[in-house]
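The structure under discussion appears below in the form of structure tokens.
The values are calculated or read from the model by the stated rules, or taken from the named source; none is laboratory data. Computed from a prediction, not measured in an experiment: that's the story for all the values here. Every residue, glycine as well, gets a Cβ built from its backbone with ideal geometry; the counts of neighbours run over all protein chains shown. What goes into the accessible areas is simple: the full protein's heavy atoms, side chains included, and nothing from ligands, DNA or RNA. Shrake-Rupley method; radii C 1.70, N 1.55, O 1.52, S 1.80 Å.
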Amino acid sequence: AQSEESLPDWVSLHTPLVLVHSERGKPTIEYIANRFEAFWRVWGLLGVILTGVGMVFGAALVVVSVFGTVTQPEAASIASEPRNLLVIPGFNDFLPLAAAPAIVFALLVGMVVHEFGHAVLCRVGDIEIKSTGLAFLAFFPAGAFVEPDEESQMNASPWAQIRMISGGIMNNLA
């Protein structure tokens, strides 16, 4: 087993994840944030509004689903079988194995688009970005991240922080 001290600076361990940090995209993020700053401010505000509406709608959907499950348990029986609770192509009744490449591709695109929204709105709100990168679970890509500078984030206005948080969600909605 390799100790964390012997890893390069651009790799960090957060068991069970391995994070690979990079600063490569920062100039591009900076350029896009500065070039279209007015657009991104409106985009971020729209994201805050739609995120709030989405949370209310999501909560209502959960309440309706619980009500439907309680009043008609036989209708939910196929979907609630243990093998159908996991979204694994070829394993559950809803996703054929042939869908796996498209699902993986869609997840990768979704992660990049999502994190790009966070990154651009960090810079629009004058929040410095320490690094961007990928998270791996062993050798498998498990996610992406944008790491804002904590001090700069704390010094940013509350609206800049809220816009930054909703930026990824808004990009995924678009």
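For this structure, a couple of remarks:
- Verdict on PHE91 being hydrophobic (A, V, I, L, M, F, W, C), within 20 Å of TYR31 (Cα to Cα) and either in a loop (DSSP other than H, G, I, E, B) or open to solvent by 60 Å² or more (accessible area, probe 1.4 Å) (or both): no
- So GLU115, is it under 21 Å from MET164 (Cβ atoms), in contact with a Ser or Thr (Cβ under 9 Å, 6 or more places away or on another chain) and outside any helix (DSSP H, G or I): no
- Test result for ALA144, open to solvent by less than 60 Å² (accessible area, probe 1.4 Å), of a type in the set (Gly, Ala, Ser) and at pLDDT 95 or above: no
- Scanning the stretch 19-33 for residues that are touching a strand residue (DSSP E or B) at 6+ places or on another chain (Cβ under 9 Å) and part of a helix (DSSP H, G or I), we see that the one that is least open to solvent (accessible area, probe 1.4 Å) is ILE29.
- Out of VAL109, VAL56, VAL62, VAL66, one residue alone is open to solvent by 30 Å² or more (accessible area, probe 1.4 Å), farther than 18 Å from ILE169 by Cβ, out of contact with any Gly (no Cβ under 8 Å at 6 or more places or on another chain) and of a type outside the set (Asp, Glu). It is VAL66.
- ALA102 at pLDDT 90 or above, in a helix (DSSP H, G or I) and exposed (fewer than 10 other Cβ atoms within 10 Å of the Cβ): no
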